[in-house]
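**Student:** Sharing a structure with you now.
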Amino acid sequence: MPTRTPSSLDLPALRQLLRAQDGVVARNQLVSIGASRADVRRMLARRDLVEVHPRVYVTHTGRPSRRQLEWAAVLACAPAALHRESALDAHGMSRDRTPTSYQPPIHLLVDRDRRITPPAGVVLERVAGHQRWVQPRRPPRAAFEYAVLKAAADRDEAGAVALLSDAVHQGLTTADRLVATIAALPRLRQRALLTEVLADVAAGTRSVLERRYLRDVERAHGLPSGERQLRQHTGAGVVFRDVRYPEQRTLVELDGAFGHRDSVDRWADLQRDLDASVSDHVTLRPGWAQVLEPCRLAAIVGQVLQLRGWTGALRPCGPRCPVVDSGATGPT
């Protein structure tokens with residue numbers, strides 16, 4: 001914060017501006033509250049202000065924080081808004097990250113007709129009528145649905161599932177709102193895939209493994225539709241069942257290996273299965289190895305469900321599927 005300022009500078013306005021922008025200010029903002037060019041040069045010479053980008057300053061000499069760098073980028077490219085992962089962070093979305101010294105770039109959304117060279121560490125996405133997608137918050141950011149869909153569109157299937165399911169299950173949006181946003185983006189990359197993923201997220205899948213089971217095992221082979229992420233109170237506390245076939249009293253707990261390899265998690269799995277058996281449920285616990293052989297797994301799940309009262313029949317998922325309409329399988 002400047003220690004001395006000319007009388008023409010509106011000090012209360014300056015303090016309010018710096019509070020609102022995490023200690024970052026642009027030259028044109030200083031001029032708008034009464035600062036002259038000489039005033040700005042004087043504050044820079046005294047190190048009351050330090051340049052982050054051309055004509056954008058921070059009020060200390062240390063390393064700017066991530067939030068200050070975001071403000072500096074927005075002000076340097078104004079009118080602009082945080083976008084993609086930068087917007088997701090600003091919206092409060094938590095995501096798994098591997099600790100690293102690498103500083104990811106700051107993504108900004110600007111109008112398509114802008115002719116501007118972004119400063120170092122800033123990536124621009126130019127969109128026609130970009131203001132349609134901007135929320136005027138501090139700092140300005142792309143609407144959550146738009147930012148998360150743009151980020152998911154650049155990921156592979158696993159990454160898209162993880163990002164969209166996290167967004168929905170953290171309560172930051174809904175599958176319906178995301179689908180409605182996709183409808184307004186006819187040129188979105190991987191549009192069909194994202195729509196399919198969101199249908200599965202709405203059905204309750206929360207991981208790539210769960211989605212593969214739903215798509216390749218359950219739906220592809222005509223198994224009954226299971227309940228997903230069912231909240232239950234057990235002797236071990238509240239648990240969430242991955243898939244439950246209530247009429248057949250059968251649970252499918254999908255073991256994604258990550259986070260399930262140590263003894264503590266194995267004991268937790270054992271307790272969950274024991275609690276299920278008390279309520280007359282049988283638990284099947286396939287992992288990646290089984291889900292990646294979907295026809296074989298479908299045959300096993302189908303046989304268990306038939307033995308426990310399911311009157312339906314499996315169907316082959318394609319011409320090479322060993323599952324036949326009777327529910328039996330050929331040689332594996």
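Computed from the coordinates by the stated procedures, all read-outs in this text should not be read as laboratory data. The shown structure was predicted, so the numbers you read here are calculated from the model rather than taken from an experiment. All Cβ positions, even for glycine, are placed from backbone atoms using ideal geometry, and neighbour counts span all protein chains on display.
**Student:** Evaluate the charge dipole of the stretch 95-198 about its Cα centre and quote only its size in Debye, nearest 20, assuming +1 on the Cβ of each Lys and Arg and -1 on the Cβ of each Asp and Glu. It would help to have the intermediate numbers written out before the result.
**Tutor:** Numbers: 16 positive and 11 negative charges, 105 e Å.
Computed charge dipole of the stretch 95-198: roughly 500 debye.
**Student:** May I ask you to work out the translational diffusion coefficient for the stretch 101-143 at 25 °C, viscosity 0.890 mPa s, via Stokes-Einstein with Rh from the Kirkwood sum over Cα pairs, reported in whole µm²/s? It would help to have the intermediate numbers written out before the result.
**Tutor:** Details: Rh = 11.4 Å.
Answer, rounded: 216 µm²/s.
**Student:** When the Kirkwood radius is taken over all Cα pairs of the stretch 149-203, what Stokes-Einstein diffusion coefficient follows at 20 °C and 1.002 mPa s, in µm²/s?
**Tutor:** Rounded to a whole number, D works out at 198 µm²/s.
**Student:** Please list 3J(HN,Hα) in residue order for the stretch 181-192, calculated via the Karplus relation 6.51 cos²θ - 1.76 cosθ + 1.60 where θ = phi - 60°; whole Hz, with x for glycine and proline.
**Tutor:** Couplings: 5, 4, 4, 8, 10, x, 9, 5, 4, 6, 4, 5 Hz.
**Student:** Enumerate the amide H contacts of residue 123 below 5 Å, restricted to partners 5 or more residues apart or on another chain; note that Pro and chain-start residues carry no placed amide H.
**Tutor:** Residues meeting the criterion, in which the H sits 1.01 Å from N, are 106, 107, 108.
**Student:** Taking H placed 1.01 Å from N in the peptide plane, check which residues at least 5 places from residue 134 or on another chain put their amide H under 5 Å from its amide H.
**Tutor:** 143
**Student:** Quick check on packing: order 153-159, 73-79, 280-286 by the mean number of other C-beta atoms within 10 Å, highest mean leading.
**Tutor:** Values: 153-159: 14.0, 73-79: 21.1, 280-286: 16.3.
Averaged packing, sorted descending, gives the order 73-79, 280-286, 153-159.
**Student:** What ranking, highest mean first, results for peptides 210-218, 107-115 when packing means the other Cβ atoms within 10 Å averaged over each residue? Let's see the in-between values first.
**Tutor:** On the way: 210-218: 22.3, 107-115: 16.9.
For the peptides 210-218, 107-115, the packing ranking is 210-218, 107-115.
**Student:** Continuing with the same structure: Could you give the Stokes-Einstein D for the stretch 1-76 in µm² per second, using the C-alpha Kirkwood radius, 20 °C, 1.002 mPa s?
**Tutor:** On the way: Rh = 12.1 Å.
This corresponds to a translational diffusion coefficient of 177 µm²/s.
**Student:** Separation between the residue 131 and residue 202 pseudo-spin-labels, each 7 Å from Cα along Cα→Cβ, expressed in nm?
**Tutor:** 3.3 nm
**Student:** Neighbour counts of other C-beta atoms within 10 Å: give me 165, 32, 207, 86 arranged from fewest to most. Walk me through the numbers on the way to the answer.
**Tutor:** Values: 165 22, 32 12, 207 16, 86 28.
By the 10 Å Cβ count, ascending: 32, 207, 165, 86.
**Student:** If you don't mind, another one. What is the Cα centroid distance between the stretch 102-176 and the stretch 6-70, reported in whole angstrom?
**Tutor:** Answer, in whole Å: 27.
**Student:** Any idea how far apart residue 36 and residue 231 come out in nm if each label point goes 7 Å out from Cα toward Cβ?
**Tutor:** 6.5 nm
**Student:** Here's something else I'd like to know. Using 0.36 nm times the number of residues separating residue 169 and residue 63, minus their current alpha carbon distance, what extension gain do you get?
**Tutor:** So the extension gain works out to 34.7 nm.
**Student:** Quick one: net charge around residue 111, please, counting Lys, Arg +1 and Asp, Glu -1 for every other residue with C-beta under 15 Å from its C-beta. Intermediate results must be reported in sequence, preceding the final value.
**Tutor:** Details: positive: 112, 114, 115, 126, 132; negative: 113, 125.
Taking every other residue near residue 111 into account, the sum is +3.
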